[in-house]
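The numbers here are math on the coordinates, done by the rules we state, and not lab data. What you are looking at is a predicted structure, and each value in this text was computed from that prediction instead of being measured. Here the Cβ positions follow ideal geometry from the backbone for every residue, glycine too, while neighbour counts run over all protein chains shown.
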Amino acid sequence: MTARSIPQCTMRTAGEYGDRTVGTSPIVSGRRTSFAPWFAPSTIPGMNQPLENTLERPDIRRYSDYRSYLLEIIPFLKATDAEFSYRTFSRRAGFSSPNYLKLVAEGQRNLAPASIDKFARGLGLDRRERRVFRLLVLLDGARTDRERNDHYLGLLELVTDEPTARLRSQQFDVYRDWYPLVIREMAALGDFRNDPQWVAQRLRPRITPAQARRALNQLFDLGLMVETEEGVVELAERRMSAGPDVQSLAVRNYHRAHLGLAAEALDGVPEDARDVTAVTVKLTKRGYDEAVRAIAELRARLLEIADAPQIDDDEAEVHQVLLAMFPVTQPSRRSGDDGDSEG
């Protein structure tokens, strides 16, 4: 099965991106983006990859998940410090449980913000490593996307001097704004020009030439677009991989940006150039699942229409299609549930 034919999750770059991405990362293939298992080989060398047959200390700047870092730093410390063990870690850090480090690293316990400094002390982290470790833990425990964005952007500021982290930052930026992936889709237009001024004027709503130039540079740097020797810009296949939580955050940012565009289109786009519709329905769990399948089939059909040869292709424009379904009521309390049970 190819990346272009993954059922229920193959999407055009400027199209709908599912935010159910825990355990997945996007693959940009041809003119589409699809989600595949996040453990597939990454184009970011060494990112969250195990260090085998080496005593090189794991560089915390290469990680987007603190548990992945713990699973690498623990074997390193055991190999380089004859006294290091789970028990000695707890003693150095000030924890009563002798296997607390093991439980946290394996995901059986969460690390509370109040214990971050203790953990850093037990691991022997230096000042820079402690700052990065703190943000990784806070990112993992954030409850809202606003908090996650704040922590992740703070993390990027600390690690941009490391090549892997710089590439991760570029990937995050591609999803942070609405227009980079739209620009990538524009490259399929017959009259596309690799010219920031031209790109900025063609977008709706318009952006500045500086923004267009930055987005073009990102797309070329990430290998999402390539320029041939003849100067023709083409779409290229590229795997974009990051930790599943970070990738999910980036995609949700992308969703929010395009939902905002949809609202603006009600006033900014003529009625004959847009189609907006909504329906409110009662659905059971089984009905919801059937509706999800129907949406997936519609999405696949839209891609077929877009990929079919068009005699009027010179009049083509890039469109954004948003498909959203969510509950607007809450489940009733169960009988006897007063809502005051202790957690």
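How many residues are in a loop (DSSP other than H, G, I, E, B) and either closer than 17 Å to Phe76 by Cβ or in contact (Cβ under 8 Å) with a residue 60 or more places away in the chain (or both) if we restrict to region 107-130? Talk me through it step by step, then tell me what you get.
Within region 107-130, the first condition is being in a loop (DSSP other than H, G, I, E, B), and the residues that meet it are 107-112, 124-126.
If we keep only those that are either closer than 17 Å to Phe76 by Cβ or in contact (Cβ under 8 Å) with a residue 60 or more places away in the chain (or both) too, we end up with 124-126.
Residues flagged as in a loop (DSSP other than H, G, I, E, B) and either closer than 17 Å to Phe76 by Cβ or in contact (Cβ under 8 Å) with a residue 60 or more places away in the chain (or both) within region 107-130 amount to 3.
Is at least one residue of region 299-310 touching a residue at least 40 places away in the same chain (Cβ under 8 Å), part of a helix (DSSP H, G or I) and more than 20 Å from Ala262 (Cβ to Cβ)? Before you say what the answer is, go through the steps one by one.
Restricting attention to region 299-310, the residues satisfying the condition of being touching a residue at least 40 places away in the same chain (Cβ under 8 Å) are 299-300, 302-303, 306-307.
Now narrow it down to the ones that are part of a helix (DSSP H, G or I): 299-300, 302-303, 306-307.
From what is left, the residues that are more than 20 Å from Ala262 (Cβ to Cβ) are 300, 307.
Yes, there is a match, as at least one residue in region 299-310 is touching a residue at least 40 places away in the same chain (Cβ under 8 Å), part of a helix (DSSP H, G or I) and more than 20 Å from Ala262 (Cβ to Cβ).
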query = In region 55-86, which residues are among the charged types (D, E, K, R) and either in contact with a strand residue (DSSP E or B) (Cβ under 9 Å, 6 or more places away or on another chain) or closer than 14 Å to Ala120 by Cα (or both)?
reply = Arg67
request  = Would you mention how many residues in region 302-323 are surrounded by 10 or more Cβ atoms within 10 Å (Cβ to Cβ) and either more than 25 Å from Arg204 (Cα to Cα) or of a type in the set (Val, Ile, Thr) (or both)?
outcome  = 2
